[in-house]
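The values are calculated or read from the model by the stated rules, or taken from the named source; none is laboratory data. Being a predicted model, the structure only gives us computed values, none of them experimental. Virtual Cβ from ideal backbone geometry, glycine too; neighbours counted across all protein chains shown.
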Amino acid sequence: MNQSKQSNFEQLAFAQRADAVRSRRARRNALTAAMLAALYLPGLAAAQDAAAPGEEVKSIDKITVTGSRIKRAEIEGPAPVTVISSDQIKREGFATVYEALSTLTEVTGSVQADVNKGPTPNASPLNLRNLGPGRTLLLIDGRRVADYPLPYEGRGNFANFNNIPMSAVERIEVLASGGSAIYGSDAMAGVINIIMKKNFNGDEVRIKGGTTSRGGGDSFDLSWTGGRTGEKWSATYGVQWSGRETIFAGQRGFLASDLEPAATVKPLVNDPWPWVWGVELIDSAAKRRVTPPAGACDRFEDLPLHNFLGNEGNPPEFPGYSCTQARGNALWSLRNGSNNLSAFGNFSYDFDNGMQAWVSASVWDSEGESRQDEALRFELNRGGAFYDQNTGRSYQARRAFTVPEAGGRDPFLFYTNERSWDLAAGLRGRFGERFNWDATVGRTEYEVDFSFPAVVQSAVDEYFLGPQMGTNGGLPAYRLDMNRFWNPMDIATFQKLTTHGHSSAKSWMNQAQFAVSGDLFDLPAGPVGFAAVLEAGSQGYRLSPDPLTYGPNKQYDQPGGTNLGGGDRKRYAAGVEFKLPLFKTLDLTTAGRFDRYDDDSRKESNFTWNAGLEWRPIDSLLLRGAYNTTFRAPDMHYLFATSGTGTQEDADVATCIARGLGPNCGSQALYYRHNISRTGNLKLDSETGKSWSAGLVWDATDNLSFSADYWRMTIDNQVRDFNIADILELESQCINGKPRRPEDRMQVAPGSSTCASIQSRVTRSAPGTNAAGVADPNYPLGQVLSVSSGPINIAYREVAGVDVSARYKLPATRWGDFSFQLNYTNQLKNNEQRDPGAPMQENRDNDVRTFARASASWSRGPWNATLFANRVGHVNGDNYNRCAPILPGQTDTSCRMVGKLKAPVFFNLTAGYQLTEQARVNLYIDNLFDEADYKDPYKMFFAYANERVFPRVGREISAEFVYKFD
């Protein structure tokens, strides 16, 4: 039978399970064996069959486990490490590395869902321990990778977990604890180390295809992994081609219409907020919508005539009728589409003198497709009021392009083309009998081209308004072409008024490392382990936005804003680590590391250290604890961002509260478009923090094991890059001295330096005037003209929680072999202090608090099956802990407090059958019970529930054929 070489992990697992091993050298924690048996069940069974029942294992190969550079014979150490094999990922029903990692209970923070990813639609970050995507270090075989070139949410750099080919992965090691003393910057929340396949013998072909039960989302996955080994050499290689169709909201009936939620809650289109535009003309002086001509709305597809009645018992800012989008949501992508091609290979050669040379290479090429809401809607005169000489009235006019006008869906879509590659080479050998050394050099690059739909503002103004004809009453004067405005245009006209913009970005990293490890000398309790490392590297990035989205030649907007920036820097590091056997049952590990970052404008150094204890009072019990200091060098885009610009719609919270119109601030006059900009901050300091954990692992029996760990992490000077809406919210607190709602807490202290910084970011017109400089009582503070965002070191962050895991393998039965696994995390603290003078915010109740995943596996002869379950705890809805909104016509106005939303549970089912020694078939059913259409009963906006918790894809079914050959 063709199979890969037995891994060091499998050898270790078998050795730990062998009853004959009794010496101190061979005696290992039984939990390790149980865990590895669960992770590598097929390989372990083969190893057990290969050994005689009473055969004693004479030696155990030591391995390097993420979290330490010292090789060890136990996977369990002072800090918990989760190990996931590629087989486990498949058994649990996941098609990608990211899908599997996102269900780990240690990933307690949410990230952008596909439905609202904005400027990074084809990337998938992870938020380990809820400290933010940029604070988790991604390694490939222990090496750093280039950041995703485009900034997350337009602000910070992060690692993309979506560009790792599944066919290349052997296992994944997750250290959910501070790792800066070993790995340096970014490892504040932890480290995720992807171990690639090596020493593979033979060839394996996988062919997989699937679809969703609700329609759309067809997928395929073709891979070929192979390898050859000789007496002195080994080569492993592979290619993978995968893809899946975009799933649009229009393919899910419960999301296709803007008239949602259902009748139990007021329809969205009763809300006067701007994103329900269809074709809308507002008489500025009369403050009413102009009724469309008879039959006008019928000439547009899915733009029905609608009478705006108001919002939650309040009259609308602009009553009247307009042609309002009924299926604007239908174009949103619920899950983005992609077409991916990847290849990898590694080669090693053993010289006669004991030295080994190796080289590793991988490449990833991907085309992505998506669509978010902010595209192909426009306001004439950029949203400002204008005087119409034909009617003698002043208007605000806005419009949305329809699919028939565009000739199809494609002109509305975003496209990304990505390519990343990694090349590394090295030598490894030994110094005498005690020490191993390893020298590595490498380079990695990531390039992204982003294409987006855009409206050419000058072209639409010319088409609908014609040339400006002076001013009237302080407003620009035009002649609005009512015939064009109230009628659909042809495809040729649409193409003249729109375009596809193109922006690009690139990031790169060079790195070199020399490491040595081994045993320094022997103490009575055992050898003193030692490791040291020297590192040098450089990294950089460049953003190249479409030149027509900013500056004097600007013609259109890039959705999410235009990001500019670029820079590079060098880094140097030296670290040392020791493992001291204090007693036969007690080990102390400690490490220290010095990191230095240099760029053209700044130089900064950081020293971090850690210490850990492992106490084994009995063979089946490990008590452990670890303390780490951590740091993160400033994000490169936080440093080097230049004036990124764009426009955005937001609530003018300060004016709203000052006028007593809160808390929702849904008035049209208080929710409007303004300019935005963002710049970096070269004066940022590194974030510093602390991390500690304490827990135990216990083998209750040969087949049952438990682990439990308490963890706590803090960041003392967290960098905050406030988003625009956040700045306007904080500006209101600074000006008005109170939060938007009485039950909300103050986040800043009025009169503080933080308030001064926040208020300096908001530019307003003169008090009592609007954006055109005309006197307007709606804006006693002045109308917001622009808001500038950017990062500063101000915040304190604290998270803490408990991880619990259990594994059980049922003794063999005639019905087959059964094994079970459970992981649970409870986030006990999630506190933040945005301003040193502000009170501590306790955010635990605002986020998901509990996470659980469980699996039950069965195998018998050629058959196997796994049922996997993933539970995400209760999440707040839009009106959590507030009075339920008053619906139109509702007579009972008493306060009914809104509770949390349900805790979703998702199941995956996989099954396989071994047809022959070489051939196998597998069936995968993801989201077994088709959970997709749950709605927050009080969420008025798409996608009608927290999209980061409640996915909208539904059940997905796929089948796979696997064939192995020599």
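Here segment 404-435 is the region considered, the condition is being among the acidic types (Asp, Glu) and crowded, with 16+ Cβ neighbours inside 10 Å, and the residue that is farthest from Phe378 (Cα to Cα) is Asp422. Restricting Asp438, Asp481, Asp461, Asp490 to residues that are crowded, with 19+ Cβ neighbours inside 10 Å and within 30 Å of Asp283 (Cα to Cα) narrows the list to Asp461. Does any residue of segment 546-569 turn out to be of a type in the set (Phe, Trp, Tyr), closer than 16 Å to Asp186 by Cβ and within 31 Å of the chain's Cα centre (by Cα)? So far as segment 546-569 goes, no, none of its residues is of a type in the set (Phe, Trp, Tyr), closer than 16 Å to Asp186 by Cβ and within 31 Å of the chain's Cα centre (by Cα). Within segment 330-345, residues that are touching a residue at least 24 places away in the same chain (Cβ under 8 Å) reach partners that are outside any strand (DSSP E or B) and among the acidic types (Asp, Glu) with beta carbons closer than 7 Å, at six or more positions or on different chains, in the pairs Trp332/Asp373; Ser333/Asp114; Leu334/Asp114; Arg335/Asp114; Asn336/Asp114; Gly337/Glu245.
The single residue among Thr910, Thr891, Thr916 that is more than 28 Å from Asn329 (Cα to Cα), out of contact with any Cys (no Cβ under 9 Å at 6 or more places or on another chain) and buried (at least 20 other Cβ atoms within 10 Å of the Cβ) turns out to be Thr910. Considering only residues in segment 803-819 that are part of a strand (DSSP E or B) and hydrophobic (A, V, I, L, M, F, W, C), the one that is nearest to Ser677 (Cα to Cα) turns out to be Val804. Of the residues in segment 181-190, not one is assigned by TED's automatic domain parsing to the domain that holds Ile925, surrounded by fewer than 24 Cβ atoms within 10 Å (Cβ to Cβ), part of a strand (DSSP E or B) and touching a residue at least 24 places away in the same chain (Cβ under 8 Å).
Every residue, every condition in (1) over 30 Å from Phe378 (Cα atoms); (2) outside the structural domain of Glu604 (by TED's automatic domain parsing); (3) of a type in the set (A, V, I, L, M, F, W, C); (4) assigned to a strand (DSSP E or B), yes or no:
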site	(1), (2), (3), (4)
Met509	yes, no, yes, yes
Gly529	yes, no, no, yes
Tyr541	yes, no, no, yes
Tyr556	no, no, no, no
Gly567	yes, no, no, yes
Arg571	yes, no, no, yes
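With the condition kept exactly as written, say whether any residue in segment 903-926 is farther than 30 Å from Gly93 by Cβ and outside any strand (DSSP E or B). Within segment 903-926, not a single residue is farther than 30 Å from Gly93 by Cβ and outside any strand (DSSP E or B). Taken residue by residue, segment 932-944 has no member that is assigned by TED's automatic domain parsing to the domain that holds Ser859, outside any loop (DSSP other than H, G, I, E, B) and aliphatic (A, V, I, L, M). For Thr893, are the conditions met, namely being at negative phi and not in a strand (DSSP E or B)? Yes, satisfied. No other residue among Ser789, Ser805 is outside the structural domain of Asn703 (by TED's automatic domain parsing), touching a residue at least 12 places away in the same chain (Cβ under 8 Å) and surrounded by 15 or more Cβ atoms within 10 Å (Cβ to Cβ) apart from Ser789.
Among the helices (runs of 4 or more DSSP H) confined wholly to segment 418-505, which include 1 or more residues that are modelled with pLDDT under 95? Passing ranges, in order: 457-464. Against the list (1) in a loop (DSSP other than H, G, I, E, B); (2) surrounded by 15 or more Cβ atoms within 10 Å (Cβ to Cβ), the condition Leu730 fails is (1). Might you check whether a residue that is assigned by TED's automatic domain parsing to the domain that holds Ile618, assigned to a loop (DSSP other than H, G, I, E, B) and of a type in the set (Val, Ile, Thr) occurs anywhere in segment 700-722? Yes, segment 700-722 has at least one match. Ala385 falls short of the stated requirement of being under 31 Å from the mean Cα position of the chain (by Cα), under 23 Å from Glu317 (Cα atoms) and not aromatic (Phe, Trp, Tyr).
Residue selection: Gly473 fails the criterion of being at positive phi and touching a Lys or Arg at 6+ places or on another chain (Cβ under 8 Å). Restricting attention to segment 353-364, the residues that are in contact with a Phe, Trp or Tyr (Cβ under 9 Å, 6 or more places away or on another chain) and either crowded, with 22+ Cβ neighbours inside 10 Å or of a type outside the set (Phe, Trp, Tyr) (or both) total 8.
I'd like to check something: does segment 218-226 contain any residue that is assigned by TED's automatic domain parsing to the domain that holds Arg569, within 30 Å of Gly612 (Cα to Cα), among the small types (Gly, Ala, Ser) and in contact with a helix residue (DSSP H, G or I) (Cβ under 7 Å, 6 or more places away or on another chain)? No, that holds for no residue. Identify all residues within segment 785-802 that are assigned to a strand (DSSP E or B) and under 16 Å from Ser753 (Cβ atoms); write none if there are none. Result: Pro791, Ile792, Asn793, Ile794, Ala795, Tyr796. Listed by position, the strands (runs of 3 or more DSSP E) inside segment 301-365 whose residues that are modelled with pLDDT under 90 and more than 26 Å from Leu222 (Cα to Cα) number at least 1 are 305-308, 320-323. Has segment 773-783 got at least one residue that is within 15 Å of Arg834 (Cβ to Cβ) and loosely packed, with under 15 Cβ neighbours inside 10 Å? No: zero hits. Residues that are surrounded by fewer than 23 Cβ atoms within 10 Å (Cβ to Cβ) and at pLDDT 90 or above within segment 640-650 are absent altogether. Just one residue in the set Val276, Val269, Val290, Val265 is crowded, with 17+ Cβ neighbours inside 10 Å, of a type in the set (Val, Ile, Thr), at pLDDT below 90 and more than 26 Å from Leu413 (Cβ to Cβ); that residue is Val265. For segment 630-685, residues that are in a loop (DSSP other than H, G, I, E, B) and of a type in the set (Asp, Glu) total 3.
Within segment 159-171, residues that are aromatic (Phe, Trp, Tyr) reach partners that are assigned to a loop (DSSP other than H, G, I, E, B) with beta carbons closer than 6 Å, at six or more positions or on different chains, in the pairs Phe161/Ser124; Phe161/Leu126.
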